[in-house]
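S.K.: Quick one: the structure is below, questions incoming.
The values are calculated or read from the model by the stated rules, or taken from the named source; none is laboratory data. The structure displayed is predicted, hence computed values, not measured ones. All Cβ positions, even for glycine, are placed from backbone atoms using ideal geometry, and neighbour counts span all protein chains on display.
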Amino acid sequence: ELFPKWQAYLNGFDMAKATPQLPEMSTEKEKFFISGRGILTTYYNVKNMEQRLLKYRITAPFNGVLTEALVTEGTLIRAGQKLGEFINTDVYELEVALSKNFSDLLKIGEEVALNNLDKSKQYMGKVTRINGSVDQATQTIKAYIEVRDSNLREGMYLEADLNAKEESNAIEIDRNLLLENNQIFVVRDSILDLIDVTPVYFSDKKVVLKQVPDGLTILSKPLMGSYVGMLVQQYQGQNEMEPNKTTD
């Protein structure tokens, strides 16, 4: 009378699936018989190995594509080793850096216009996250814009057009002219000097500065080995400086 339910259990056993739960044992005699044959011990050993196997199986919470594979089947790996990269091709995230003074321009959920570098394609994104801390080196805040488009690819560069505010008494220069500690070189009577400035906005190549006095001459490109007190001269007809040279 016990044979049919155990036969049905074996007939429904699928090696490609997890081990099914054992049939309910209704009598003491049945329990002693199954236990005496080592079936219970084997069953729980298999279930333990199944749980251990799950720890080695990584399941992504989204559909996507494998963009990088750093190991092959059978490779010995160590804890913390990168195995590869799997990305979601339905949604991408763009990281932008915004001056702390403009932190109020972005709000979570706000829509942002995006375009590629040659401005031939436009996209629409939405602000999903804003970092709560300020980068001490650049004094900027990082925000993350979610964008969905089938034409996008991982690693593409995009520009974000934000609803900015007007800044009075500000100038825009190349980022490579801004030195550490927020200083720039200026020319006073053909001699280089440093002044403190306040960056209010950074782009990939430009920076907007405040606290630059009117009438000062600044460098249009970096000078190799420049230092405070260095004697320079201005090219006629060009807004560039060169080190002053002496001849015999």
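S.K.: Restricting the first residue to segment 27-48 and requiring it to be at positive phi and touching a residue at least 40 places away in the same chain (Cβ under 8 Å), which pairs with a second residue that is part of a loop (DSSP other than H, G, I, E, B) and surrounded by 11 or more Cβ atoms within 10 Å (Cβ to Cβ) meet a Cβ separation below 7 Å and a spacing of at least six or different chains?
M.R.: Correct list of pairs: empty, since none qualify.
S.K.: So Thr59 ticks every box in (1) farther than 25 Å from Met156 by Cα; (2) at pLDDT 90 or above but one. Which box is left unticked?
M.R.: (2)
S.K.: May I pose another question? Out of Ala170, Ala137, Ala160, I need the residue that is of a type in the set (Gly, Ala, Ser) and closer than 24 Å to Glu110 by Cα. Which one?
M.R.: Step by step, each of Ala170, Ala137, Ala160 is checked, and only Ala160 is of a type in the set (Gly, Ala, Ser) and closer than 24 Å to Glu110 by Cα.
S.K.: So which pairs qualify, if the first residue must be in segment 186-213 and assigned to a strand (DSSP E or B), the second must be surrounded by fewer than 14 Cβ atoms within 10 Å (Cβ to Cβ) and among the aromatic types (Phe, Trp, Tyr), the Cβ gap must be under 8 Å, and the two must be at least 6 apart or on different chains?
M.R.: Leu192/Tyr227
S.K.: Sticking with this structure for a sec: Do we find a residue being without any contact (Cβ under 8 Å) to a residue 60 or more places away in the chain, surrounded by fewer than 16 Cβ atoms within 10 Å (Cβ to Cβ) and under 30 Å from Val187 (Cβ atoms) anywhere in segment 142-155?
M.R.: The answer is no, given that none of the residues of segment 142-155 is without any contact (Cβ under 8 Å) to a residue 60 or more places away in the chain, surrounded by fewer than 16 Cβ atoms within 10 Å (Cβ to Cβ) and under 30 Å from Val187 (Cβ atoms).
S.K.: In segment 196-216, what residues are surrounded by 15 or more Cβ atoms within 10 Å (Cβ to Cβ) and not charged (D, E, K, R)? If you could, list the steps in order and put the result at the bottom.
M.R.: In the first step, residues of segment 196-216 are kept if they are surrounded by 15 or more Cβ atoms within 10 Å (Cβ to Cβ); the result is 197, 199-202, 207-210, 212.
Once the filter is applied, which keeps residues that are surrounded by 15 or more Cβ atoms within 10 Å (Cβ to Cβ) and not charged (D, E, K, R), segment 196-216 yields Val197, Pro199, Val200, Tyr201, Phe202, Val207, Val208, Leu209, Val212.
S.K.: Considering Asp189, Asp118, Asp149, Asp135, which residue is of a type outside the set (Lys, Arg) and outside the structural domain of Phe102 (by the TED database)?
M.R.: Asp189
S.K.: Within segment 113-141, track down each residue that is within 16 Å of Tyr157 (Cβ to Cβ), in contact (Cβ under 8 Å) with a residue 40 or more places away in the chain and surrounded by 15 or more Cβ atoms within 10 Å (Cβ to Cβ).
M.R.: Leu114, Asn116
S.K.: Still on this structure, I have one more. Quick check on my filter: what residues within segment 157-166 are surrounded by fewer than 15 Cβ atoms within 10 Å (Cβ to Cβ), part of a loop (DSSP other than H, G, I, E, B) and of a type outside the set (Phe, Trp, Tyr)?
M.R.: Listed by number, the residues that qualify are Asn163, Ala164, Lys165, Glu166.
S.K.: Let me ask you something else. Any residue in segment 92-112 that is of a type in the set (Val, Ile, Thr), surrounded by 15 or more Cβ atoms within 10 Å (Cβ to Cβ) and more than 18 Å from Asp204 (Cβ to Cβ)?
M.R.: Among the residues of segment 92-112, not one is of a type in the set (Val, Ile, Thr), surrounded by 15 or more Cβ atoms within 10 Å (Cβ to Cβ) and more than 18 Å from Asp204 (Cβ to Cβ), which makes the answer no.
S.K.: For segment 34-66, which residues satisfy the criterion of being loosely packed, with under 10 Cβ neighbours inside 10 Å and of a type in the set (Ser, Thr, Tyr)?
M.R.: Selection gives Tyr56, Thr59.
S.K.: Same structure, new question: Condition first: in a loop (DSSP other than H, G, I, E, B), touching a Phe, Trp or Tyr at 6+ places or on another chain (Cβ under 7 Å), surrounded by 13 or more Cβ atoms within 10 Å (Cβ to Cβ) and modelled with pLDDT of 85 or more. Can you find one or more residues in segment 221-233 that meet it? Can you show your working first?
M.R.: Of the residues in segment 221-233, the ones in a loop (DSSP other than H, G, I, E, B) are 221-230.
Imposing the further condition that a residue be touching a Phe, Trp or Tyr at 6+ places or on another chain (Cβ under 7 Å) reduces the set to 226.
Then keep just the ones that are surrounded by 13 or more Cβ atoms within 10 Å (Cβ to Cβ); that gives 226.
If we keep only those that are modelled with pLDDT of 85 or more as well, we get 226.
The answer is yes; a qualifying residue exists.
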